[in-house]
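Have a look at the structure below, then the notes.
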Amino acid sequence: MSIGISGTGCYIPSITTQNKDFEQHNFLTSEGIPFAYNNQVIIEKFKAITGIDERRYAQKKFNTSDLGFFAARDAIEDAGIDPEELDYIIFAHNFGDVSYGKSQGDTVPSLATRVKHHLKIKNPNCVAYDMLFGCPGWIEGVIQANAFIKSGIAKKCLVIGAETLSRVIDQHDRDSMIYSDGAGACIIEDSVNSGEILAHTSATYTNEEAYYLFFGESHNKSCTCETQYIKMYGRKIYEFALNHVPIAMRKCLDQSGIPIGDVKKIFIHQANEKMDEAIVKRFYKSYNLKMPEGVMPMNIHKMGNSSVATVPTLFHMVKTGKIENQQIEKGDVVIFASVGAGMNINAIVYRC
């Protein structure tokens, strides 16, 4: 049995928001105090750390489930399957459908159910459910799909990662510049046209790490509304990721039996360029090696951090030749890895 990805798709929103578009924002500290330096300095420091030049936002008329549907439709077409053959639809997200201008997430019915409805699938045995696992949600969905197929209860699964983080950001928080919208999807099946999942690992840390990412009030203390926004302790997340993600990646690779020299690409959650680079360098250092040039494709510079959508979107773009000087071929061994709210970590070693 060779269970792998037989088709991919992604949806990149059409609205581009550049760093300069934040120059007039009233950024405040978590205590509601203005910074001692102007926005130009804030933006320059932000760019130097994250690598982000611009990010994509969804059109007002589209919600997260719409973006997921667009990506799913492309993945189904790429795999060349009939959607009626799907046994599972797994939709990874964090906040449900947050309509533009609203503050409340809508998760009833589930986003997976909405995608099944949009795909016009009549088969009641196609089970649709949502995955809440922070930024590593799409990878965890792939792990679950692999388990379903391996156990014999499924043959084909659709796994989606989509988010519209632009709807849940605090305009007074400089961290708001990180987040973006997008969607990626794939078909997992046991097929001669698919690759092969060689190994996987997952972990959840919930002691002091549980609330490194959370929903909180605006930095603007004069705001009387009760709207909550996505918040994070950036430095703590950085240190956590650096200490734990390389270990998870090594555990997964060692479990696969693949020599590190055979790894062609590492598709890591596009959270922060400096953090991702530090993680991958530490991973290679654990084998007493230097990080090879070009091993870590990046699209965060133009796409921002779209949470669960970053890894499937990045993989699809490299697979289809959309990122300069980056390509993968059939038989190449790659690693998927992510870290996010929970705090959750996971990794997959995959042969294309």
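The values are calculated or read from the model by the stated rules, or taken from the named source; none is laboratory data. Model, not experiment: these values are computed from the prediction. Note that each Cβ is placed from the backbone with ideal geometry, even for glycine, and that neighbours are counted across all protein chains shown.
Annotations
- Checklist (1) exposed (fewer than 14 other Cβ atoms within 10 Å of the Cβ); (2) touching a Gly at 6+ places or on another chain (Cβ under 6 Å) applied to Q59, failing item: (2)
- Options I153, I237, I178, I139: the member that is surrounded by fewer than 21 Cβ atoms within 10 Å (Cβ to Cβ), closer than 29 Å to V334 by Cα and under 16 Å from the mean Cα position of the chain (by Cα): I237
- Strands (runs of 3 or more DSSP E) wholly inside the range 60-178 containing at least 1 residues that are of a type in the set (F, W, Y): 88-92, 127-131
- Those residues of the range 12-43 which are free of Cβ contacts under 8 Å to residues at least 40 places away in the same chain, among the polar types (S, T, N, Q) and either surrounded by 14 or more Cβ atoms within 10 Å (Cβ to Cβ) or in a loop (DSSP other than H, G, I, E, B) (or both), in sequence order: Q24, N38, N39
- Whichever residue in the range 99-117 is at pLDDT 95 or above and in contact with a Ser or Thr (Cβ under 8 Å, 6 or more places away or on another chain) and, among such residues, is surrounded by the fewest Cβ atoms within 10 Å (Cβ to Cβ): R114
- Taken over the range 298-352, residues that are part of a strand (DSSP E or B) and either under 11 Å from the mean Cα position of the chain (by Cα) or on the phi > 0 side of the Ramachandran plot (or both) amount to 6.
- V308 vs. criteria buried (at least 18 other Cβ atoms within 10 Å of the Cβ) and closer than 20 Å to H244 by Cβ: yes
- Residues in the range 179-212 that are in contact (Cβ under 8 Å) with a residue 60 or more places away in the chain and not in a strand (DSSP E or B): S180, S191, V192, N193, S194, G195, Y205, T206, E209, A210, Y212.
- For S180, the conditions (1) farther than 27 Å from A58 by Cβ; (2) hydroxyl-bearing (S, T, Y); (3) in the same structural domain as G161 (by TED's automatic domain parsing) are fulfilled apart from (1).
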